Amino acid sequence: MRVVLLGAPNTGKGTYASRYLTQIYDIPHISTGDLFRENIKNKTDLGRTAQEYMDSGKLVPDDITTAMLKERLKKEDCKKGFFLDGFPRTVEQAEALEEITKIDIVINFVANKETLIRRRTGRRICKSCGAIYHVINIIPKVAGFCDECGGEVYQREDDKPEAAEERLKIYYEEIQPIIDFYEKKGKLANIDANLDVNDPSFHVIDDCRAVLDKIK
Ligand code: AMP
């Protein structure tokens, strides 16, 4: 099952995918942002190039991003499928993805602007393993340290207010043509993501399952 996840920063799509959907469907969560951060951590040439764009809240050029993703999707763990998060971010990337693989469904997490603004400056991330936390609704058991690996939990440069504003602006500018692209192909499923990830009714995951179980 090859799934693209769309949604503005802080719709929670990364959290839903990495904490729940990958376990339910036993396929990996591939985030291009995480792949870049891994390259930065490992001090690769790709990481050095990507960092300049990421620190200023800009998109990394399409050719660099697409080549990196193509390599990742060739790996064994993607044979049964994947949840792709953070890609495509441009129509050129969506077209390139069509050349690389067939996408079964695109889940679009939709939340209103106030919800996104409230959430986005609260996100924290583990420096070592990339686990995602939030100052209000996903608090680590020991303040400042990751539940999974004990790594330091911090606020990413691109979650700070100025860069976050820039990311949201870029997102809205770029996303509509991509939504149109997949809607025309009949592959778009919208999910209401206004409730928080620890909402007791957990309807976001139920709604995702209703869509995904049809194509399993
Ligand atoms: P994310 O973790 O998805 O918010 O991505 C963090 C940053 O990585 C973005 O602000 C971009 O600079 C870069 N990035 C991630 N995915 C892409 C992509 N598909 N195309 C271009 N840049 C990307």
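The values are calculated or read from the model by the stated rules, or taken from the named source; none is laboratory data. Worth saying up front: this structure is predicted, and the values here are computed from it rather than measured. Glycine gets a Cβ as well: all are built from the backbone with ideal geometry, and neighbour counts include every protein chain shown. For the accessible areas, the whole protein counts, side chains as well, though only heavy atoms, and no ligand, DNA or RNA atoms are used. Shrake-Rupley method; radii C 1.70, N 1.55, O 1.52, S 1.80 Å.
What do you get when you divide the Cα radius of gyration of region 95-139 by 2.2 N^0.38 Å, with N the number of residues?
On the way: Rg = 15.7 Å, N = 45, 2.2 N^0.38 = 9.3 Å.
The value comes to 1.68.
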**Study point:** Cβ charges +1 (Lys, Arg) and -1 (Asp, Glu), total dipole of the chain, debye
**Key:** 420 debye
Review point. Counting only residues 5 or more places away or on other chains, whose amide H sits under 5 Å from the amide H of residue 147 once H atoms are built in the peptide plane?
Key: 141
Review point. Trypsin sites (Lys or Arg not before Pro) within region 89-156: which are DSSP loop residues with at most 10 other Cβ atoms inside 10 Å?
Key: 102, 141
Practice item. For region 143-215 and region 53-126, compute the distance between their C-alpha centroids and round to whole Å. Key: 10 Å
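Using a 1.4 Å probe over the heavy atoms of the protein chains, calculate the carbon and sulfur portion of the accessible area of region 1-100 as a whole percent. Intermediate results must be reported in sequence, preceding the final value.
Working: 2220 of 4680 Å².
Carbon and sulfur: 47 percent of the exposed surface of region 1-100.
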Exercise for review: Taking the convex hull of the Cα atoms, report for the chain its projected area averaged over all directions, in nm².
Suggested key: 11.3 nm²
Point to revise | Percent of alpha-carbon pairs separated by more than 21 Å within region 104-216 | key: 52 percent
Review point. If the chain between residue 141 and residue 26 were fully stretched, how many nm would it gain, using 0.36 nm times the residue separation less the Cα-Cα distance?
Key: 38.8 nm
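Step through the table entries 13/102; 184/214; 13/70; 70/113; 80/169; 13/185, compare each Cα-Cα distance with 26 Å, and write down the pairs that go over it. Let's see the in-between values first.
Details: 13/102 21 Å; 184/214 20 Å; 13/70 22 Å; 70/113 32 Å; 80/169 34 Å; 13/185 22 Å.
Going by Cα-Cα distance, 70/113; 80/169 fall outside the 26 Å limit.
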Check your understanding: Looking at 23, 109, 176, which one has the Cα that reaches farthest to the positive end of the dipole of the chain (charges on Cβ: Lys, Arg +1; Asp, Glu -1)?
Key -> 23
Point to revise | Rounded to the nearest 20 debye, dipole of region 15-142 from Cβ charges on Lys, Arg, Asp, Glu | key: 800 debye
Practice item. Enter the accessible area per residue of region 20-178 (Å², integer; probe 1.4 Å; all protein chains in place). Key: 53 Å²
